[in-house]
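Asker: Before I ask anything, let me first share the structure, which is written out below as C-alpha cells.
Computed from the coordinates by the stated procedures, all read-outs in this text should not be read as laboratory data. In this text, all values refer to a predicted model and were calculated from it rather than measured experimentally. Cβ placement follows ideal geometry from the backbone for every residue including glycine, while neighbour counts extend to all protein chains displayed.
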Amino acid sequence: MRAFLIVIGRDLQLAIKNGGATLTQLIFFISIGVIMPIAIGPDKQILADLAPAIIWIAALLSTLLGLDRLFVADHEDGTLLSLHHASISLTSISAAKIISHWLITALPLILATPLLAVMLFMELPQFLATITALLLGTPALAALGAIGAAISVTLKRGGMVAPILILPLAIPILIFGVSAANSFAGAQTSSSAMLFLGAISLLAVAFAPFAISLALKAAEE
Amino acid sequence: MTDCLKSQKISVSANNLGCFRDQFPIFNEISFSLSAGEALFLRGANGSGKTSLLLVLAGILPYSGKFEIKRFGENQQDIPANQLIHFIGHQNAIKPELTLKQNLQFWAQMYNGDQTSISQILEKARLFGLDNFLAGHLSAGQKHRLSLCRLLLSPRPLWLLDEPTSTLDSQGDTWVSDLISSHLANAGIIIAATHRTIELKDQKKTKSLTMGANK
Amino acid sequence: MNANKMPSTNKPKNWFSALAHPGVFLGWSRHFIRPLIFLTLISFAIGLWFAFFNSPPDYQMGETVRIMYIHVPNAWLAQMVYSIMAISAIGSLVWRHPLADVAMKAAAPLGAAFTAIALFTGALWGRPTWGTYWEWDGRMTSTLVLFLMYLGLVALWNTFSDQSKGARIIAVFTLVGAINIPIIKFSVEWWNALHQPSIISTQGLSMPAEIYTPLLIMTLAFSLLFFTLHLVNMRAEIFRRRANTLERQHVIENAQASAANNGKGENK
C-alpha cells in the first residue's frame, strides 16, 4: 500500500515539475469550450441545451491529448523494466498510474468546468449534474485512456493510434455522461444514467490494471 | 545488510536456454550453473544476444529451455523470484526532473530497501554532496553511477548487469569491481555482460561465457 | 542454423498443438482450400437461387426484402469474426501460440469488410423501408462502433514493426474490446430508446419458412466464405513471416561472411 501511494506521489511530483503538459491540456479543454459557441452561434438557449455535450466532448478530447506521455517516458528511460523487480506488482503499479493519471488530467478539467459553465450559460442544477457526472465518469475515461497508452507505449506514432482505439470504447461513458448531465430534462433517466456511469467507472477501474500490466509486460518483450 | 543477504543464499542454473524473436533465434543452447559467490561474465560481439540473455534471466523475455533459481536460506522460499534480482541495464531509470536523492528514494521504496543510507551510497559512488542536485544535470557517466547505486539500496542475491563499466572512468571501474567483489564475498551471484575485463580480487570465482560462437 | 525451430516454451504435447504448429498447419490446411472454395460456391448458388427465385416478396417491403439475404449474414459475421478474434487473443496471451497471433491478424480486415457490407446493405435497405439511408438506430449505431473498432485493430497491426511483440499487445486490446462490446450495445440501445421511442422495430417481422430457408443457406454461404478467406489469409501471413525470417537470416549470413573475409571481424 505504501509503495502504491509512492508511485502516485512520484507521478504527481513529476507532473508538477513538468507543469506545462497539464496546463496545455487545460488550455485545450477551455479552447474547445470557446470554439463551440463560435461555431454554433451565441444563442443562449441552444448553447445551454448543448452545454453538457460540449463539456463532455471537450473532456474526452483533452484527456486523449495527454495519453502519449503516460507510460512512454517510463518505458524509454527503463523505469518500467526496473519496476518488474519491485516489491509491488505491475498490476498495482498500473492501478496507481490510473489514479495519478486521473489526478493529473481529469481533476484539473473538472475544476475548470465552472468557467465553461458560465460561457455556455448553464443553469445551476444542470451545472451541478454535469460536475457530478464528470466526477463519476472520468475515472472510467482515465482507465480506458491508460489502456490505450499502455498498448501504444512502444509505438512511435502511438500518440495517434491510442485515441483511435479508445474513442469507440468511450461511447458508453459519453452516452451516460451526457444523459446524466441533462438532469433538467427528466430526473428519472438522469439518475439511472448516473448509476450506469458509476458502474462503468467501477468496472473499468477494476479491470483496467490487469489489461495495462499485461500490455506493459508484452511491450518490454 | 550482509546478514540479510546471506540468508537469501541462492544458486542458479540454466539448461539449454534459447530466445527467439519472430521464429528467429537471438541465442541458442546456452547452459551454465552458478553457486553462491560466483560470477559469470558474458562476452561476445554486438548482436550476439548478451542483453537478451540478461533480459531472459530477469524474467522479461520469453525463452525456451530451463532456468532455475534455487533458494537455500531459511524462510526465504516465499520471496518471489523477481525480488531476488537486481537488473541494471543500458537505460538508467533516472528521472532528470528529480534530485539524486529523490530518484534513489523512489527505488529504495520500490525495492523494499532502506532509505537511511542513501547519502552514504551516493558517497561511495563518488556522487558525494550531490543529494539535492537535479539528476538531469549529471553527465552520462555520473548517471550510470547513480543507476548502479540501485544495487546497494536493498540486498538482493542475483545481480544482472549489462555493461556495468561502459561509460565509467578508471575510478568508476575500480568502484564497480569492488562492488562486484564484495557482492561475491557476501555469497551473491553476478551475471554481467562486459566488453572490458573487470579486475577482481578473486579470479577463481568467475566463469565466462562467449556468446554467438555457434553462429 | 535451425531458424525454423519454434520457441518451445511450455509447448503442450497434445494433438491440438501438434496440428496448430505453423509448419504442420501449412501442410494440412492446404488440402482444405479447394473443398472450402467448392462448398462456398455451391452454397452461394443454392442460397442465391432461393433468395432470388424461390422466396416470396414481403407483403410490406416487397422485393427489397431480398437485401436482407445479404445484410443479415454479414451482420451476423460482423460479430462472429470478433468472437473468433477474441478466442485467438486468449490463445495468444495464454499459450503464446504463433498460430493464434496469425488467426487474430488474418481475421481483422475480414471482420472490417463484413461489417462494412452489413452497414452498406443496411443503408440500402433503409432507404426504401425507412425512407432514409442512415438512422441512429440502436443496432446500426452499435454495428458502426464495431466497424470503428475493427478499423482501429487493423491500424494497430499496421503500426507494429515487430509483429510477434505486437500480437500480445493487440490481443490485450482485442479482449478489452470484447468486454466492451456488450456495454456499448446496451448503452447505445438505452440512448436510442431515450431519444426516439420505438420508431422502428424489427421484432414485428414475421419470418415464414420461405424466407427463413434462404436466410439460413446464405448465412452458411457467407460463413464458408469467411472461413475460406481466413484460411487463405492465415497461410499468406505465415508465408510472409517466413519470408521475413529468411531475409533476416540471409542478411546476417552475408554480414558474417564478409566479416570473415575481412579477416578481422568484430568478433573478439
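Asker: Can you sort A:His75, C:His250, B:His195, A:His85 so the residue with the fewest Cβ neighbours within 10 Å comes first?
Answerer: Working: A:His75 20, C:His250 10, B:His195 13, A:His85 25.
Ordered by Cβ neighbours within 10 Å, fewest first: C:His250, B:His195, A:His75, A:His85.
Asker: Still on this structure, I have one more. Filter B:Lys101/B:Lys124; B:Lys70/B:Lys204; B:Lys124/B:Lys205 down to the pairs with a C-alpha to C-alpha distance above 20 Å, please. Please report the intermediate quantities before stating the final value.
Answerer: Values: B:Lys101/B:Lys124 14 Å; B:Lys70/B:Lys204 22 Å; B:Lys124/B:Lys205 24 Å.
Where the Cα-Cα span goes over 20 Å, the pairs concerned are B:Lys70/B:Lys204; B:Lys124/B:Lys205.
Asker: Count the DSSP beta bridges whose two residues both fall in the protein assembly as shown, then state the antiparallel fraction as a percent rounded to the nearest 5. Please list the in-between numbers first.
Answerer: On the way: 16 of 34 bridges.
Among the beta bridges of the protein assembly as shown, antiparallel pairing accounts for roughly 45 percent.
Asker: What is the distance, in nm, between label points placed 7 Å from the Cα along the Cα-to-Cβ direction at C:Thr213 and at C:Arg34?
Answerer: Spacing of the two 7 Å Cα→Cβ label points: 3.2 nm.
Asker: Please give the average number of partner chain Cβ atoms lying within 10 Å of the Cβ of each residue in B:61-72, rounded to a whole number.
Answerer: Working: counts 2, 8, 3, 7, 3, 0, 0, 0, 0, 0, 0, 0.
Mean shielding count: 2.
Asker: So, one more: How big is D for segment B:79-215, in µm² s⁻¹ as a whole number, if Stokes-Einstein is applied with the Kirkwood radius of its Cα pairs at 20 °C and 1.002 mPa s?
Answerer: Numbers: Rh = 15.6 Å.
This corresponds to a translational diffusion coefficient of 138 µm²/s.
Asker: Counting partner chain Cβ atoms within 10 Å of every residue's Cβ in A:6-13, what's the average?
Answerer: 3
Asker: Among A:Val34, C:Val188, A:Val72, rank each residue by its count of other Cβ atoms within 10 Å, from fewest to most, as a rough exposure measure.
Answerer: Working: A:Val34 12, C:Val188 23, A:Val72 19.
The order, fewest Cβ neighbours first, is A:Val34, A:Val72, C:Val188.
Asker: List the pairs from A:Lys156/C:Lys105; A:Lys17/B:Lys143; B:Lys50/C:Lys165; A:Lys156/C:Lys185 whose alpha-carbon separation is above 23 Å, in the order I gave them.
Answerer: On the way: A:Lys156/C:Lys105 21 Å; A:Lys17/B:Lys143 20 Å; B:Lys50/C:Lys165 20 Å; A:Lys156/C:Lys185 33 Å.
Cα-Cα > 23 Å for A:Lys156/C:Lys185; rest within.
Asker: Per-residue ellipticity at 222 nm for the protein assembly as shown, helices alone: DSSP H runs ≥ 4 residues times -39500 (n - 2.57), over residue total, nearest 500 deg cm²/dmol? Before the final figure, lay out each step's value.
Answerer: On the way: 25 runs with 451 residues, N = 704.
For the protein assembly as shown, the value works out to -21500 deg cm²/dmol.
Asker: What FRET efficiency comes out for B:Ser13 versus B:Gln203 if R0 is 25 angstrom and r is the Cβ-Cβ distance? Round to the nearest 0.05. All intermediate terms of the calculation are to be shown ahead of the outcome.
Answerer: Details: r = 22 Å, r/R0 = 0.88.
My answer for the efficiency is 0.70.
Asker: Right, another one. Which whole number of Å³ per residue matches the convex hull of the alpha-carbon atoms in the protein assembly as shown? If you can, show how the numbers build up before the last one.
Answerer: Details: hull volume 133.3 nm³, N = 704.
So the per-residue hull volume is 189 Å³.
Asker: Continuing with the same structure: Under a 10 Å cutoff between Cα atoms, tell me which one of A:Ala112, A:Ala143, A:Ala53 has the largest fluctuation in the Gaussian network model of chain A.
Answerer: Checking each option, the largest mean-square fluctuation is seen for A:Ala112.
Asker: Net charge near B:His90: determine it from the other residues with C-beta under 9 Å of the C-beta of B:His90, scoring Lys and Arg +1 and Asp and Glu -1.
Answerer: So the environment of B:His90 carries a net charge of -2.
Asker: Please figure out what share of the DSSP beta bridges in segment B:2-210 is antiparallel and state it in percent, rounded to the nearest 5. All intermediate terms of the calculation are to be shown ahead of the outcome.
Answerer: Values: 15 of 33 bridges.
The answer is about 45 percent antiparallel.
Asker: Amide H to amide H, which residues 5 or more places from B:Leu40 or on other chains are under 5 Å from it, using H placed in the peptide plane?
Answerer: The answer is B:Ile190, B:Ile191, B:Ala192, B:Lys207.
Asker: Give the average, rounded to an integer, of partner chain Cβ atoms located within 10 angstrom of each Cβ in A:75-84. Write out the running numbers ahead of the final one.
Answerer: Numbers: counts 1, 1, 6, 9, 8, 3, 8, 13, 4, 7.
Average per residue, whole number: 6.
Asker: For segment B:181-188, in order, what is each residue's ³J(HN,Hα) by Karplus, 6.51 cos²θ - 1.76 cosθ + 1.60 with θ = phi - 60°, in whole Hz (x at glycine and Pro)?
Answerer: With the stated coefficients, segment B:181-188 comes to 4, 6, 5, 5, 4, 8, 6, x Hz.
Asker: Please list, in order along segment A:89-106, the HN-Hα scalar couplings obtained from phi with the Karplus expression 6.51 cos²θ - 1.76 cosθ + 1.60 (θ = phi - 60°), rounded to whole Hz, x for Gly and Pro.
Answerer: Values, residue by residue: 6, 5, 5, 5, 4, 4, 4, 4, 5, 5, 5, 5, 4, 5, 5, 7, 9, 7 Hz.
Asker: What does the net charge come to around B:Gly129 if you take all other residues with beta carbon closer than 12 Å to its beta carbon, with K and R at +1 and D and E at -1? All intermediate terms of the calculation are to be shown ahead of the outcome.
Answerer: Numbers: positive: B:Lys101, B:Arg126; negative: B:Glu123, B:Asp131.
Local charge sum for B:Gly129: 0.
Asker: Report the net charge of residues surrounding A:Thr91, where surrounding means a beta-carbon distance below 12 angstrom and charges are Lys +1, Arg +1, Asp -1, Glu -1. Intermediate values should be presented prior to the final figure.
Answerer: Working: positive: A:Lys97, A:Lys217; negative: none.
The answer is +2.
Asker: Would you please give the FRET efficiency between C:Ile90 and C:Phe120, computed as 1/(1 + (r/R0)^6) with r the Cβ-Cβ distance and R0 = 35 Å, to the nearest 0.05? Walk me through the numbers before you get to the answer.
Answerer: Details: r = 31 Å, r/R0 = 0.89.
My answer for the efficiency is 0.65.
Asker: Apply the Karplus curve 6.51 cos²θ - 1.76 cosθ + 1.60, θ = phi - 60°, to the phi angles in segment C:175-189 and return the couplings in whole Hz, x for Gly and Pro.
Answerer: Each residue's phi maps through the Karplus curve to give 6, 4, x, 4, 5, 6, 4, x, 5, 4, 4, 4, 5, 5, 5 Hz.
Asker: Neighbour counts of other C-beta atoms within 10 Å: give me B:Glu68, C:Glu237 arranged from fewest to most. Write out the running numbers ahead of the final one.
Answerer: Details: B:Glu68 12, C:Glu237 19.
If I rank by nearby Cβ atoms, fewest first, I get B:Glu68, C:Glu237.
Asker: Once you have the Cα-Cα distance between C:Ala260 and C:Glu247, take 0.36 nm times their residue separation minus that, and quote the gain in nm to one decimal. Please report the intermediate quantities before stating the final value.
Answerer: Working: separation 13, 0.36 × 13 = 4.68 nm, distance 1.99 nm.
Length gained between C:Ala260 and C:Glu247: 2.7 nm.
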